[in-house]
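K.L.:
The structure's right below; bear with me while I get my questions together.
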Amino acid sequence: MACDTGLLLEKKNIYYPPGHEKKEEKYQGKFTNDDFDIREIVDANTSQEQEVYYVIFKNGCKTRPHIHATDQTLVAVKGKGIVVLVQKIEINSDGRSAIIKPLPEGSSSPFVIELYEGDVVCVPAGILHWHGAFENNSNGSDHFSHLAMRMRTDAETIWF
């Protein structure tokens, strides 16, 4: 007996999106410049549990500092990129205040991770961070792309 979840089962390709994609307004001001492309690969119509984005950063573009309510896994696909972790911010149960905690002992703040093709890093929930392309990659390309995966939640990402 088949289970009807109401979700769509569809195949998508990170390299060849269907048709022309326009940058949504919701991404404006969340990157250091407009030299990025972002594609939602797994959306709410496809999965109730997870979200997956394919992001291409160009010309040194990076995200602005932000925190997520759930862990975020980044998988480097092309080029050389960077992830910078700053500090842990725990949102209080009232949703209106937060506690800032240092990164775990032994880590320096900011904690910088260079990403190369195939590298995977998990940014824990509540860690203030940003990620994107280096200004000038040694391979002559200033493009960096990654998959960004998180558990779907109603809590919005907090941008700084």
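The values are calculated or read from the model by the stated rules, or taken from the named source; none is laboratory data. This structure is a prediction, so every number in the text was calculated from the model and none was measured. Methodologically, a virtual Cβ is constructed for each residue, glycine included, from the backbone with ideal geometry; neighbour enumeration extends over all protein chains shown.
K.L.:
For the range 37-77, which residues satisfy the criterion of being within 10 Å of residue 148 (Cα to Cα), surrounded by fewer than 19 Cβ atoms within 10 Å (Cβ to Cβ) and in contact with a His (Cβ under 7 Å, 6 or more places away or on another chain)?
P.N.:
75
K.L.:
Count, please, the residues in the range 57-69 that happen to be under 12 Å from residue 34 (Cβ atoms) and outside any loop (DSSP other than H, G, I, E, B).
P.N.:
So the count comes out to 1.
K.L.:
Please name all residue pairs, on different chains or six or more residues apart, with Cβ atoms under 7 Å, provided the first residue is in the range 27-41 and is part of a loop (DSSP other than H, G, I, E, B) and the second residue is of a type in the set (S, T, N, Q).
P.N.:
30/63; 33/59; 35/59
K.L.:
Take the residues of the range 79-97 that are in contact with a strand residue (DSSP E or B) (Cβ under 9 Å, 6 or more places away or on another chain) and exposed (fewer than 14 other Cβ atoms within 10 Å of the Cβ): which is modelled with the lowest pLDDT?
P.N.:
It comes out as 97.
K.L.:
Does residue 24 meet the test of being within 18 Å of the chain's Cα centre (by Cα) and either modelled with pLDDT under 80 or surrounded by fewer than 10 Cβ atoms within 10 Å (Cβ to Cβ) (or both)?
P.N.:
It is true that residue 24 is within 18 Å of the chain's Cα centre (by Cα) and either modelled with pLDDT under 80 or surrounded by fewer than 10 Cβ atoms within 10 Å (Cβ to Cβ) (or both).
K.L.:
Here are some residues: 63, 32. Which one is modelled with pLDDT of 90 or more, under 24 Å from residue 120 (Cα atoms), over 12 Å from the mean Cα position of the chain (by Cα) and among the polar types (S, T, N, Q)?
P.N.:
32
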